[in-house]
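Heads up: the structure comes next, in C-alpha cells.
The values are calculated or read from the model by the stated rules, or taken from the named source; none is laboratory data. Not measured: the values here are computed from a predicted model. No Cβ is skipped: glycine too gets one built from the backbone with ideal geometry, and neighbour counts run over all protein chains shown.
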C-alpha cells in the first residue's frame with residue numbers, strides 16, 4: 001500500500017460522524033478479475049451469440065476512445081453517451097428479461113467482491129457511515145449483487161444506470177445516462193444529498209483516473225482519494241493522482257485497519 005506523506009497525518013481517521021464514502025463499483029468493490037456490470041451478460045450463458053457479438057463490436061470501437069489521453073473531453077463525453085445508448089438498445093432489441101439480469105448478477109464466476117470488501121461495507125453500516133456507490137455501470141446488477149450478498153444496508157445508496165422493464169422485458173433506461181466521464185456528486189438524488197449535508201469529509205474509492213471526478217474536493221474539508229491498482233494504468237500514474245494506492249496484494253481488511261486503526 002502506497003501512502004502519500006501529506007495523508008499520514010490524518011490517519012487513523014477521527015470523528016467518523018463527519019465522514020461518508022463515495023465508491024466506484026466495477027473492479028473497485030468487485031475484484032480486478034470480475035467482469036464489469038456492462039459485460040456480465042456477455043460472459044454468461046443466458047443471452048444469444050448475436051447479442052454478445054454486437055456488444056463486443058461496440059466495446060472494441062468505444063473502449064479505446066474512453067481511455068484515450070489525446071481525444072478532447074467534450075468529444076469523449078458525447079461518444080460515451082452514444083456508446084451507452086447503443087448498448088442499452090441491444091437489451092431492448094434482444095428482449096433481455098429482468099429474470100436474466102437477476103440470475104447473471106448472482107453468478108460468482110462472473111463477479112465477486114474484492115477480498116474484505118464485504119466486511120468493509122459491514123463496518124460502514126455498523127458505524128453509520130453512508131456508502132454512496134456512483135457507477136457508470138448498470139444499477140440493476142449492482143443492487144442485485146448487494147442484495148444477494150446480504151449487504152444492501154440502509155446506509156448504502158446506489159446512483160447508476162437503471163434499466164427499465166415492462167412486463168419483465170427491458171425497454172430503456174431511467175433518467176440521464178451516467179458514463180465514466182460524468183460520474184460526480186451532482187448526479188445524486190436530492191434525498192441522498194440531504195443525508196450528506198452535515199458531513200464534510202469524504203473517502204473516495206476508485207480504480208480509474210475518471211473516478212477522481214466523483215467528488216469535488218473544493219466542497220469538502222477533507223477528501224482522501226484511494227485507488228486500487230488497475231491494468232489500465234502504470235502504478236506510477238495512480239500514485240501520482242491518488243492519496244493512497246492499494247496494490248494487487250492489498251485487500252479491504254488492510255485498508256480498513258489503516259483508515260480506522262482497528
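Structure notes:
- Qualifying residues in region 238-253 (those that are more than 15 Å from residue 30 (Cα to Cα), out of contact with any helix residue (DSSP H, G or I) (no Cβ under 7 Å at 6 or more places or on another chain) and surrounded by 15 or more Cβ atoms within 10 Å (Cβ to Cβ)) - the one modelled with the highest pLDDT: 242
For every residue, the table says whether it meets (1) modelled with pLDDT of 90 or more; (2) under 20 Å from the mean Cα position of the chain (by Cα).
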{"position": "69", "(1), (2)": "no, no"}
{"position": "73", "(1), (2)": "no, no"}
{"position": "77", "(1), (2)": "no, yes"}
{"position": "87", "(1), (2)": "yes, yes"}
{"position": "91", "(1), (2)": "yes, no"}
{"position": "105", "(1), (2)": "no, yes"}
{"position": "108", "(1), (2)": "no, yes"}
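- The requirement of being modelled with pLDDT of 90 or more, more than 26 Å from residue 66 (Cβ to Cβ), surrounded by 18 or more Cβ atoms within 10 Å (Cβ to Cβ) and in contact with a strand residue (DSSP E or B) (Cβ under 8 Å, 6 or more places away or on another chain) is fulfilled nowhere in region 160-174; no residue meets it.
- Residue count, region 118-141 (criterion: part of a helix (DSSP H, G or I), under 22 Å from residue 184 (Cα atoms) and more than 15 Å from the chain's Cα centre (by Cα)): 1
- Those residues of region 75-109 which are touching a strand residue (DSSP E or B) at 6+ places or on another chain (Cβ under 8 Å) and in a loop (DSSP other than H, G, I, E, B), in sequence order: 95, 96
- Region 51-81, subset under 28 Å from residue 247 (Cβ atoms) and in contact with a helix residue (DSSP H, G or I) (Cβ under 8 Å, 6 or more places away or on another chain), residue surrounded by the most Cβ atoms within 10 Å (Cβ to Cβ): 66
- Looking only at region 199-220, and only at residues there that are over 28 Å from residue 68 (Cβ atoms) and without any contact (Cβ under 8 Å) to a residue 40 or more places away in the chain, the one that is surrounded by the fewest Cβ atoms within 10 Å (Cβ to Cβ): 219
- Among the conditions (1) assigned to a helix (DSSP H, G or I); (2) within 17 Å of the chain's Cα centre (by Cα); (3) buried (at least 19 other Cβ atoms within 10 Å of the Cβ), the only one that residue 179 does not satisfy is (1).
- Applying the condition of being in contact with a helix residue (DSSP H, G or I) (Cβ under 6 Å, 6 or more places away or on another chain) and farther than 20 Å from residue 228 by Cα to region 29-50 and asking which residue is modelled with the lowest pLDDT yields 40.
- Evaluation of residue 12 against (1) surrounded by fewer than 19 Cβ atoms within 10 Å (Cβ to Cβ); (2) not in a loop (DSSP other than H, G, I, E, B) (one fails), failing number: (2)
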